[in-house]
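Let me begin by presenting the structure, written as structure tokens, before commenting on it.
The values are calculated or read from the model by the stated rules, or taken from the named source; none is laboratory data. Since we're looking at a predicted model, the values are computed, not measured. In this analysis, Cβ positions are derived from the backbone assuming ideal geometry, glycine residues included, and neighbour counts consider all displayed protein chains. Accessible surface is based on the protein model in full, side chains and every heavy atom, while ligands, DNA and RNA are left aside. Shrake-Rupley method; radii C 1.70, N 1.55, O 1.52, S 1.80 Å.
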Amino acid sequence: MLEAGKRAVAPPRDVGASPVPTPPGQHRKETLMMNRALAALAAVALAGCTVGPDYVRPAVDAPTAWRIDYPKAADVANTKWWEQFGDPVLNDLIETALRENRDVRIAAARVDQFIGVLDSSRSQLFPQIGYGADVTRAKSSRVGQPPLPAGADPYFTLYQGSLGASWQLDLFGRVRRLNEAAQAQVYASEQAQRGVVLSVVAGVASSYIALRALDRQLEIAQGTAANFGETARIFDLRFKAGIVSQTEVVQIRSQQQQALAAIPS
């Protein structure tokens, strides 16, 4: 009985013994999870380097047709419509306004500015070459270490030159997006310039037409006052002859004064 009990008690396990081996299935599962994690990290890293999608103009709920289509409207806007009046004074005024107006000059300069920005952004697609040169005139100290030999010229000239080249590959489309933005700015500035030109032309033409209308109204007012003056003279003669009453003469004089009052306004 004692011999059987001793055999049933297992001896204590040594701490330094070899570990229990991992099953093959569990090791394969850990490797698969590790590969998936690395693939996810690589996808996130590549997503951070990619450039967004191309610009797409948002949809606008606009009518299918207008009273005048865009090509005809553009032709009308670009046509010198004010010349249809056949007024050389109006033509000269508009030409002077377009030539001397500061807003038109600013709009034209802004177009040139954005064209320059577009050329600058496009140049980044090509190799960049730089160079430099420098000339330095200096004098050596005679008390330095080592000292200058007797009779040596302390002045000397140093010439330097440099030449460099670089080329940035547009792998992720950064330069292309800059070009698209600069091109859009050029288009916007050109349309803004057209708007300024149309505003100036319309302002000058409308003001000139209003001035001509006022001149014509002044001529009519002066002619009306002159007619009432002549009528009043005739009524005075008829009153002296006893043909009309004084009341009629006063009415004509009142109408003459109304015509004269319209001239200053």
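For the range 200-241, a residue qualifies if it is of a type in the set (S, T, Y) and closer than 30 Å to E83 by Cα, and the qualifying residues are S206, S207, Y208. When the range 118-142 is limited to residues that are more than 24 Å from S162 (Cα to Cα) and open to solvent by 60 Å² or more (accessible area, probe 1.4 Å), the one that is modelled with the highest pLDDT turns out to be D119.
Looking at L171, is it modelled with pLDDT of 80 or more, over 30 Å from E83 (Cβ atoms), more than 27 Å from the chain's Cα centre (by Cα) and of a type in the set (A, V, I, L, M)? Outline the logic, then answer.
Working: modelled with pLDDT of 80 or more: no; over 30 Å from E83 (Cβ atoms): yes; more than 27 Å from the chain's Cα centre (by Cα): yes; of a type in the set (A, V, I, L, M): yes.
So L171 fails the test.
Quick check on G52: is it open to solvent by less than 80 Å² (accessible area, probe 1.4 Å), closer than 27 Å to Q183 by Cβ and at pLDDT 80 or above? Against the criterion (open to solvent by less than 80 Å² (accessible area, probe 1.4 Å), closer than 27 Å to Q183 by Cβ and at pLDDT 80 or above), G52 does not qualify.
Entry remark, the range 209-262: residues being in a helix (DSSP H, G or I), among the small types (G, A, S) and surrounded by 11 or more Cβ atoms within 10 Å (Cβ to Cβ) number 10 in total. Taking the range 174-188 as the range and being of a type in the set (G, A, S) and either outside any helix (DSSP H, G or I) or over 10 Å from R122 (Cα atoms) (or both) as the test, the residues that pass are A181, A184, A188.
Looking at V175, is it of a type in the set (V, I, T), open to solvent by less than 80 Å² (accessible area, probe 1.4 Å), over 30 Å from R102 (Cβ atoms) and free of Cβ contacts under 8 Å to residues at least 60 places away in the same chain?
yes
Here the condition is being open to solvent by 60 Å² or more (accessible area, probe 1.4 Å), out of contact with any Ser or Thr (no Cβ under 7 Å at 6 or more places or on another chain), of a type in the set (S, T, N, Q) and closer than 30 Å to A108 by Cα; of S206, S265, S189, it holds for S206 alone.
Among the residues in the range 143-166, are any open to solvent by 100 Å² or more (accessible area, probe 1.4 Å), under 30 Å from Y55 (Cα atoms) and either aromatic (F, W, Y) or not in a loop (DSSP other than H, G, I, E, B) (or both)?
no
Might you check whether a residue that is over 30 Å from L178 (Cα atoms), of a type in the set (S, T, N, Q) and in contact (Cβ under 8 Å) with a residue 24 or more places away in the chain occurs anywhere in the range 117-134? The answer is no; no qualifying residue exists.
For R194, the conditions (1) more than 30 Å from F114 (Cβ to Cβ); (2) touching a residue at least 40 places away in the same chain (Cβ under 8 Å); (3) not polar (S, T, N, Q) are fulfilled apart from (1). I115 meets the conditions (1) part of a helix (DSSP H, G or I); (2) at pLDDT below 85 in every case but one. The failed one is (2). Within the range 156-196, if we keep just the residues that are touching a helix residue (DSSP H, G or I) at 6+ places or on another chain (Cβ under 6 Å) and of a type in the set (V, I, T), the residue that is nearest to G132 (Cα to Cα) turns out to be V186.
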